[in-house]
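S.K.: Handing you a structure now.
Derivation of every value follows stated rules applied to the coordinates shown; laboratory data play no part. Everything numeric in this text was worked out from a predicted model, so none of it was measured. Note that each Cβ is placed from the backbone with ideal geometry, even for glycine, and that neighbours are counted across all protein chains shown.
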Amino acid sequence: MFPFHLMGGKDIRAVVEQSRPELVDRVRETYLAHHRGETVNPNSYFLRFPEKPNARIIALPAFLRGDPGVAGIKWIASFPDNITRNIPRASAVLVLNDFATGYPFACLEAAQISAARTAASAALAAERIHGSRTAARVAVIGAGIIARNILEFLASLRWSIGRVTVHDTVAGYARRYADHTESLGYPASVADDLTDAVTGADIVLLATTATEPYLLDPGTFVAGQTVLNISLRDLGPDVIAAAHNIVDDVDHCLTAGTSAHLAEQKFGHRDFIDATLAQLLLDEVALGRDKPHVFSPFGLGVLDLAVGLEIFTAGRGSGRVTAVPEFFAEVERW
């Protein structure tokens, strides 16, 4: 019990690359466990900085029941200005706690875990909402690490995609993303205009660093289009109101100035929320094809726990975890 363990990002990335379909299954199981009330997932805590209003560090504590149960916390920094230095926006660690004693037993580099659980969630939602693993065209808005991971997860699930069109405010990033897309076997092109990228796409992936809405026209998307609102704050309230909306957790998603939260504040109700992803997975709710379908996942800490534990377990089995003997100074009371 008492050896503490460390697992670095490169080893985590290696495990992810070998187990993407399994991680999607793990995320599916965790959504359903959350739906059954088998988790404890408090509100995230946001540490903000007056001198850096667009930056934040977020604490996501959670508990997942099971055999064994596991508790833990992800501590993730989001500093959007990092991209001007060509370094990732997000950095994170995940601490896992033994449920029998409360002792932490592992610390994992968690930017890779966070990206993997986000990508697994997006891939799961895309298939359920779109209805298949075939799309004539996918539009990617925001050519960063999250968007890259999502495409890699789609590829690992053997999606058939006719073309990927990518748009980013930095043309060089869009070009690199397009090159990576083609290395995965999908034709790709760069769109200089955001509207051109979105028009005609079966699936639109929003994965930007936007802190406030810039897509304000309720006619931006068309009926039946699947919109993965991963960055959460790109869409104005009227766009949300004009769509069928799917979230991971209603109470969590309607906080922290997300597009859905702004819609609630503007309209004074939550009637625009049609379902959670778990309800769709269980066929408890059927969505019409008369509007766009917008999936807005706030990102549940319990998903980080589930994915982190899966990766940690695989990492121990393959020798990718480092034990730290005598990390705890006292392991007996007397």
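S.K.: Can you pull the one-decimal nm distance between simple spin-label points at Lys10 and Phe267, each 7 Å off the Cα toward Cβ?
M.R.: Between Lys10 and Phe267, the simple spin-label model gives 4.9 nm.
S.K.: Can you give me the relative contact order of the chain as a percent, contacts being Cα pairs under 8 Å and 6 or more apart?
M.R.: 21
S.K.: Measure nothing fancy, just the Cα-based angle from helix 145-156's long axis to the longest principal axis of the chain, in degrees from 0 to 90, nearest 10.
M.R.: Helix 145-156 sits roughly 90 degrees off the main axis of the chain.
S.K.: Now for a separate question. Check the straight Cα-Cα distances from Lys266 and name the lysines below 23 Å, setting aside those fewer than 8 residues away within the same chain.
M.R.: Lys291
S.K.: Then there's this: Out of Val222, Ile246, Val138, whose Cα points farthest toward the positive end of the dipole of region 130-296 (charges: +1 Lys, Arg; -1 Asp, Glu; placed on Cβ)?
M.R.: Val138
S.K.: Evaluate the charge dipole of region 180-334 about its Cα centre and quote only its size in Debye, nearest 20, assuming +1 on the Cβ of each Lys and Arg and -1 on the Cβ of each Asp and Glu.
M.R.: Using Cβ point charges on Lys, Arg, Asp and Glu, region 180-334 gives about 200 debye.
S.K.: Rounded to whole Å, give me the distance from the Cα center of region 1-73 to that of region 136-208.
M.R.: 26
S.K.: Relative contact order for region 1-108: what percent, with Cα pairs under 8 Å and sequence separation of 6 or more?
M.R.: Across region 1-108, relative contact order equals 24 percent.
S.K.: A follow-up question, please. Rounded, prolate or oblate for region 81-140? Axes are the square roots of the Cα gyration tensor eigenvalues, ordered a ≥ b ≥ c, and the cut-off for rounded is a/c under 1.5.
M.R.: In terms of gyration-tensor shape, oblate.
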